[in-house]
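S.K.: Here's a structure for you.
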Amino acid sequence: MRCPYCSGETTQVKDSRPTDENQAIRRRRVCEDCGGRFTTFERVQLREIVVIKRSGRRVAFDREKLLRSVEVALRKRPIQPERTERMVSGIVRQLESMGEQEVPSSVVGELVMTALRGLDPVAYVRFASVYRDFREAADFHEVLGEIAEGATERPALPASGAAAPERGEGGRKH
């Protein structure tokens with residue numbers, strides 16, 4: 001493993017432990033050249049997935065990029081990092097189980113949208129605004145309408161004051 005600080009190739013594992021419900025191994029490493037310490041994660045990868053972008057360009061699927069995108073949508077939201085990690089792992093498992101080597105970016109985007117909608121409505125709207133390339137306020141209104149429709153399809157929560165359905169749904173712990 002190459003050191004991220006000095007690019008030295010001689011590193012030593014100091015500690016290993018399972019994470020993510022035994023879906024990954026976390027390793028603490030130390031560089032023998034500069035003494036720098038860093039963490040790596042080892043995960044099973046069933047197949048190499050290539051994402052086909054809207055432009056037609058093909059890029060290797062990057063789990064960390066997906067995680068960063070989701071974390072941006074969830075920034076300052078009351079969601080535990082473990083739930084975010086589980087959500088991303090679930091999306092990756094869905095992509096791998098499709099059996100396709102090449103997946104359109106729209107499929108990845110829709111999987112994220114579906115997962116975020118169930119996790120946090122505010123993050124869902126944030127992600128949708130980028131993913132669907134919102135240009136005006138009406139775009140937000142449309143997505144908020146989708147959330148409101150989804151809220152009326154689920155059993156109602158006990159009323160506590162005059163909170164709007166969107167707010168009550170977002171304030172509920174999942």
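The values are calculated or read from the model by the stated rules, or taken from the named source; none is laboratory data. Remember, predicted model here, so these are calculated numbers, not experimental data. Every residue, glycine among them, receives a Cβ derived from its backbone with ideal geometry; neighbour counts consider all protein chains shown.
S.K.: Cβ-Cβ distance below 6 Å, separation of 6 or more or different chains: which pairs start in segment 2-26 with a residue that is surrounded by 11 or more Cβ atoms within 10 Å (Cβ to Cβ) and end on one that is among the charged types (D, E, K, R) and at pLDDT below 85?
M.R.: Note: pairs meeting the criteria are 24/43; 25/42.
S.K.: Do you know which residues across segment 123-133 are surrounded by fewer than 16 Cβ atoms within 10 Å (Cβ to Cβ) and either of a type outside the set (Asp, Glu) or under 17 Å from residue 148 (Cβ atoms) (or both)?
M.R.: 129, 130, 132
S.K.: Let me ask another. Filter segment 2-18 for residues that are touching an Asp or Glu at 6+ places or on another chain (Cβ under 8 Å) and of a type in the set (Val, Ile, Thr); which is nearest to residue 81 (Cα to Cα)?
M.R.: Of everything passing the filter in segment 2-18, 11 is nearest to residue 81 (Cα to Cα).
S.K.: For segment 35-76, give me each residue that is more than 12 Å from the chain's Cα centre (by Cα) and surrounded by 14 or more Cβ atoms within 10 Å (Cβ to Cβ).
M.R.: 36, 38, 40, 49, 51, 52, 61
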